[in-house]
Amino acid sequence: MADRSQGSLVARRILRNPIAVAGLAIILGYLFIAAFAPHIAPFDPTAQDLSRSFAPISAGNPMGCDEFGRDILSRIIFGARTSLIIQFFSVCIALVIGVFLGALGGYFGGRLDEAIMRVMDVLLAFPGILLALAIVAMLGPDLRNLIIAIGVYSIPQFARITRGSVISVRQNDYVTAARAIGENQSSIILRYVLPNAISPIIIQTTLRMATVLLTAAGLGFLGLGVQPPEPEWGTMLSNARMYLRSAPMVAVFPGLSIMLVVLGFNFFGDGLQDALNPRLKE
Amino acid sequence: MTPPLLSVSNLTVHFHTEAGVVRALEDISFSIAPGEILGLVGETGCGKSVTASCVMRLIPTPPGRIVSGEILFDGRDILSMSDEEVRLMRGRDMAMIFQDPMSSLNPVFTTGFQVGEAIVTHEPSIAREPLRARVLDLFRKVNIADPETSVNRYPHMMSGGMKQRVMIAMALSCGPKLLIADEPTTALDVSIQAQILTLIRRLQREEGSSVLLISHDLGVIASMADRVTVMYAGSIAETARVRDLFDDPQHPYTRGLLGAIPRLDRDQGRLAVIPGTLPNLMNLPQGCKFRERCAEALPVCAEKRPALAEIRPGHEAACHARTGR
Amino acid sequence: MPVLDAENLVKLYPVRTGGLFGGRKALLRAVDGVTLSIERGETLGLVGESGSGKSTVGMLCLGLLEKTSGTIRFLDRPIEDYTGDDARIFRRKAQIVFQNPFASLNPRMIIRDIIGRVLEIHGLAHGRDIGARVGALMREVGLREDQMTRYPHEFSGGQRQRIAIARALASDPELVVLDEPTSALDVSVQAQILNLLQDIQAARGLAYLFISHNLAVIRHASTRAAVMYLGRLVETARKEAIFARPLHPYTQALLSSVPKPFVTDERMEKKIIAGDIPSPLTPPPGCRFHTRCRYSEDRCTKEEPQWREVEPGHFAACHRIGEIEESRTTNPYPEGG
């Protein structure tokens with residue numbers, strides 16, 4: 001959507017920001033690992049070998065083994081894939097529904113806006129994780145329901161950001177000009193308003209990727225996420241907690257992975273924000 | 001001859017941006033005598049506001065960089081002053097009023113308080129009552145109706161014209177020798193503009209201060225200034241006494257500008273047009289910056305940048321076609 | 001038959017005034033009984049200061065704002081009658097150019113699409129023809145055809161205004177509302193745009209509603225001029241009449257307040273209008289200008305002056321026309337306060 005020179009300008013600004021580049025590197029590494037998990041992982045992440053239960057770090061198992069003797073590195077690598085699936089689909093749900101509702105309310109205003117925003121307020125009034133928890137508890141814990149739960153609880157953020165951005169874009173003369181040349185409402189929203197309201201939504205999407213990962217891990221930790229033996233970082237952390245004293249390393253690696261990826265998205269999101277909204281005049 | 005109050009010589013300023021080096025000012029020289037109004041006129045990007053910021057030393061460095069030049073104010077070199085000296089000088093010796101009175105005032109304090117603060121900055125020991133009297137006096141001086149009530153008003157309760165009066169009161173609070181007015185009436189309506197211009201002129205006469213009046217509006221300049229400097233693309237095109245400039249402009253750019261204004265006093269079938277567009281300040285052409293738009297360009301104009309030269313006493317222009325012969 | 005004929009236009013805005021809590025509701029009378037008409041090939045200049053409602057009139061005439069009351073006839077049909085498929089016709093035949101060319105072009109569209117959308121929407125060109133038609137329009141406004149794949153930010157203010165004009169022309173309109181089309185531009189660029197608008201009008205026989213706060217621009221660009229003050233018309237006449245012999249004290253004072261681009265021995269002090277422009281929320285009773293008028297008398301504070309034809313084609317609303325003309329040369333204005 002961004003045009004050539006503006007797009008390349010944003011790219012140049014990001015590349016000049018070392019923190020954003022670090023974030024980008026982490027994200028790219030994460031995507032690579034998730035995409036090629038079967039080729040990278042040394043072992044089957046679900047293969048148990050009780051004789052190697054809590055095996056220490058070694059050349060064969062760079063991160064050691066867990067209580068069932070599964071290779072932790074392989075589980076982390078496949079866990080990346082699970083996390084990415086959760087992130088991608090839940091953010092997609094929130095993005096599509098949130099942007100739709102926010103754009104509708106922001107553009108038309110009045111009663112419709114009022115109604116949409118009050119529903120969003122109700123959703124926001126629940127502590128996020130509790131809402132997701134309630135949804136998962138209702139639908140039953142599995143990957144699909146986890147995605148739905150996290151997606152639904154992220155809708156209000158997207159709706160609000162979109163609404164605010166749409167309201168400010170709507171005031172521009174080019175929107176009035178679009179009415180004057182006879183564009184219809186949906187065309188005005190899709191061609192004139194949304195493309196110009198998109199930058200805060202992009203930033204929000206990136207930052208949300210981090211929050212969503214944390215929520216997924218939290219729900220996994222509470223046993224409401226992906227069910228074992230499927231590898232997922234939050235669930236791994238949850239299992240490891242029982243052996244925290246005897247085998248701390250089992251908890252450290254999933255924890256570090258979560259932290260690293262969350263940081264990556266936050267770094268990149270902040271860099272993106274600076275690049276898209278530079279205070280400096282050209 | 002009295003020495004000038006302000007003299008700027010050979011000032012060159014660059015801005016370093018993401019896209020490249022912007023040559024905002026190039027070899028600018030002008031001066032203002034005590035009690036004189038100098039009009040600085042030019043179009044967007046000509047450097048008139050940057051010039052004012054340099055005089056007040058308000059140029060952010062970086063991205064700005066003063067490459068060379070000297071600004072002497074009352075015998076002191078502004079560019080080599082310490083930050084503390086500059087701070088003391090601003091407001092007391094020279095003050096500035098801006099284009100937008102709406103955003104120059106702080107919305108959370110009363111206007112009277114803000115004018116008082118301007119005084120306290122330079123006279124920290126002033127007592128409450130004399131301060132109040134001074135503020136009321138200033139409000140009266142700038143013709144704000146009902147000063148006793150007005151000092152307690154917040155900026156949003158005032159019209160644009162009234163806010164500009166408050167800004168002028170603030171600028172005059174310490175009796176500056178030089179007042180810099182950067183497009184002081186551009187945001188105002190015609191009828192209010194006339195009031196503010198008259199006010200500035202009356203106060204300037206009463207206080208005997210000098211004024212650097214920056215405007216894009218040749219009408220404002222003609223009715224206010226004693227002398228005029230025309231800027232184009234970061235250089236001075238012409239400087240002259242106001243009557244000489246409007247009656248007998250020398251630089252082709254000044255002539256073009258005067259021909260391009262729609263007039264109230266006569267019919268014009270078509271407006272005279274200056275062809276082309278402003279050169280890019282990041283990539284200036286060789287020779288005269290106006291050459292590509294100039295009907296009188298000579299071969300030498302493509303090679304050498306013309307320097308300001310005297311054409312008749314007090315009338316200078318930077319144009320090979322004028323000075324070459 | 002006039003292209004546009006507006007009668008007794010009124011636009012009221014409900015607004016809240018006062019503090020954070022429980023402000024009072026009031027009606028802002030943005031436009032309060034404006035009557036005007038524009039013939040083909042004619043430019044009506046609409047001039048006024050802030051709060052005069054001149055831009056609102058433009059938006060009302062295009063149906064971009066809903067009027068509160070009054071009638072607007074476009075090509076002899078009330079604009080309400082343009083519904084369904086006819087709504088397209090109205091949109092096609094009445095166009096607008098805005099003041100700020102940096103805000104009036106969608107930054108995410110290339111020029112071909114900005115202009116080409118008009119052709120698409122109204123079915124005026126299809127497929128490849130669109131590019132050719134856009135190219136022709138760009139040439140008409142003095143741009144190069146090969147610039148059509150660029151984005152607005154790659155153009156200067158003057159070039160952008162040319163693009164906005166090309167967009168307005170794309171649907172082959174009968175009326176173009178020019179809302180301060182040169183106010184954001186430098187003097188030299190303004191001259192180029194004014195000349196361009198003049199050429200286009202001559203070639204296409206358009207009617208212009210030219211809105212501006214700049215009296216000199218209005219004088220240059222219009223055939224007739226209308227002066228507004230606080231939502232009302234105070235004077236309308238052919239350009240020659242209104243600028244040479246203004247009848248209304250507001251028009252007179254406004255004209256003498258403009259700083260002229262030449263040096264005279266006249267002192268501006270003598271000619272200025274005192275006082276602030278009153279808020280359109282609480283317009284003065286009687287004649288709205290009476291608070292600032294030096295000819296104001298008791299009657300002006302109570303009775304609204306009638307809109308009347310003082311001379312053929314020269315309308316004004318002032319109680320004292322006739323009485324004041326003789327005294328026009330004397331009686332300087334006091335300095336404003």
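The values are calculated or read from the model by the stated rules, or taken from the named source; none is laboratory data. Here the structure is a predicted model, which means the values were calculated and not measured. As a convention, Cβ positions derive from the backbone with ideal geometry for all residues, glycine included, and neighbour counts pool all protein chains shown. Only protein heavy atoms, including side chains, enter the accessible area calculation; ligands, DNA and RNA are left aside. Shrake-Rupley method; radii C 1.70, N 1.55, O 1.52, S 1.80 Å.
What is the percent of Cα-Cα separations in chain C that go past 39 Å?
On the way: 10868 of 56616 pairs.
Summing the P(r) tail past 39 Å for chain C gives 19 percent.
Using a cut-off of 13 Å between alpha-carbon atoms, which aspartates and glutamates can reach B:LYS304, once sequence neighbours fewer than 8 places away in the same chain are excluded? Those aspartates and glutamates meeting the cut-off do not exist here.
With a cut-off of 8 Å between alpha carbons and a minimum separation of six or more residues, what is the relative contact order of chain A in percent?
Values: 410 pairs, mean separation 71.7, N = 282.
Answer for chain A is 25 percent.
Just the ratio, please: alpha-carbon radius of gyration of the range B:128-202 over 2.2 N^0.38 Å, N its number of residues. Could the numbers behind the result be given before it?
Numbers: Rg = 12.3 Å, N = 75, 2.2 N^0.38 = 11.3 Å.
Dividing the Cα Rg of the range B:128-202 by 2.2 N^0.38 Å gives 1.09.
At 1.4 Å probe size, with the rest of the protein present, what percent of the exposed accessible area of the protein assembly as shown is carbon and sulfur atoms?
Numbers: 22650 of 40120 Å².
Percent of accessible area from carbon and sulfur atoms in the protein assembly as shown: 56.
The residues of chain A expose, per residue, 47 Å² of accessible area to a 1.4 Å probe. Entry note, the range B:1-58: relative contact order of 31 percent, from Cα contacts under 8 Å with a spacing of 6+ residues.
The average projected area of the range C:102-213, computed from the convex hull of its Cα atoms over all directions, is 6.7 nm². Only Lys, Arg, Asp and Glu carry charge here, each on its Cβ (+1 for the first two, -1 for the last two); on that basis the range C:1-144 has a dipole of about 580 debye about its Cα centre.
With all pairs of different C-alpha atoms in the average, the Kirkwood value for the hydrodynamic radius of the range C:16-118 is 16.8 Å.
The residues of the range C:116-201 expose on average 33 square angstrom of accessible surface per residue, using a 1.4 Å probe on protein heavy atoms. Size descriptors for the range A:220-282 (Cα atoms only): Rg and Dmax, in that order, 17.5, 59 Å. Note that the range B:221-268 carries a Kirkwood radius of 11.4 Å, evaluated over its alpha carbons pair by pair. When C and A come together, around 2100 square angstrom of accessible surface is lost from both chains combined, probe 1.4 Å.
Relative to the longest principal Cα axis of chain C, at what angle does helix C:111-121 sit, 0 to 90 degrees, rounded to 10? Here the helix axis deviates by roughly 90 degrees.
In chain C, a dipole from Cβ-located charges (positive for Lys and Arg, negative for Asp and Glu) runs towards its positive end, and of C:ALA94, C:SER55, C:HIS153 it is C:HIS153 whose Cα lies farthest in that direction.
Charged neighbours of B:VAL120, selected by a Cβ distance under 15 Å, balance to +3 (K, R count +1; D, E count -1).
Normalised by residue count, the range A:6-60 yields a Cα convex hull volume of 124 Å³ per residue. Projected onto planes of every orientation and averaged, the convex hull of the alpha-carbon atoms in the protein assembly as shown covers 48.6 nm². A convex hull fitted around the alpha carbon atoms of the range B:252-325 yields 126 Å³ per residue. Of the listed pairs B:LYS48/C:LYS239; C:LYS54/C:LYS260; B:LYS48/C:LYS54; C:LYS11/C:LYS93; C:LYS239/C:LYS260; B:LYS163/B:LYS289, which have alpha-carbon separations greater than 28 Å here? Pairs exceeding 28 Å: B:LYS48/C:LYS239; B:LYS48/C:LYS54; B:LYS163/B:LYS289. For chain A, the membrane-span-like helix rule (DSSP H, alpha carbon extent of at least 27 Å along the helix axis, mean Kyte-Doolittle at least 0.0) picks out A:72-108, A:143-170, A:194-221, A:249-276; this says nothing about an actual membrane.
For the range B:70-183, what is the Kirkwood estimate of the hydrodynamic radius, computed as the reciprocal of the mean inverse distance between distinct Cα atoms, to one decimal in Å? Display every interim value, and only then the final one.
Details: mean 1/r = 0.0681 Å⁻¹.
With all distinct Cα pairs of the range B:70-183 included, I get 14.7 Å.
Taken as Cα centroids, the range C:275-308 and the range B:284-302 sit 55 Å apart, rounded to the nearest whole angstrom. Shielding of peptide C:115-123 by partners, expressed as the average count of other chain Cβ atoms within 10 Å per residue Cβ, is 3.
The C-alpha atoms of the range A:184-235 occupy a region whose extents along the principal axes are 52, 19, 15 Å, arranged from largest to smallest.
In the protein assembly as shown, a dipole from Cβ-located charges (positive for Lys and Arg, negative for Asp and Glu) runs towards its positive end, and of C:GLN306, C:LEU105, C:ILE121 it is C:ILE121 whose Cα lies farthest in that direction.
Please report, in debye to the nearest 20, how large the charge dipole of the protein assembly as shown is about its Cα centre when each Lys and Arg carries +1 at its beta carbon and each Asp and Glu carries -1 there. Let's see the in-between values first.
Values: 100 positive and 95 negative charges, 99 e Å.
So the magnitude is around 480 debye.
Taking the Cα centre as origin and putting +1 on Lys and Arg beta-carbons and -1 on Asp and Glu beta-carbons, what dipole magnitude results for the range B:210-325, to the nearest 20 debye?
Working: 15 positive and 13 negative charges, 49 e Å.
Its charge dipole is roughly 240 debye.
If you average the C-alpha positions of the range A:86-123 and of the range A:127-197 separately, how far apart do those two centres end up, in angstrom? Cα centres, the range A:86-123 to the range A:127-197: 4 Å.
Across peptide B:267-277, the average count of Cβ atoms from other chains found within 10 Å of a residue's Cβ is 5.
Per-residue Cβ counts within 10 Å, from other chains only, averaged over C:299-306: what number is that?
Averaged over the peptide's residues, the number is 0.
For chain C, the relative contact order works out to 20 percent when only alpha carbon pairs closer than 8 Å and six or more residues apart are counted. Taking 12 Å as the straight-line reach from the Cα of B:LYS141, the aspartates and glutamates in range (excluding those fewer than 8 positions away in the same chain) are B:GLU206, B:GLU207.
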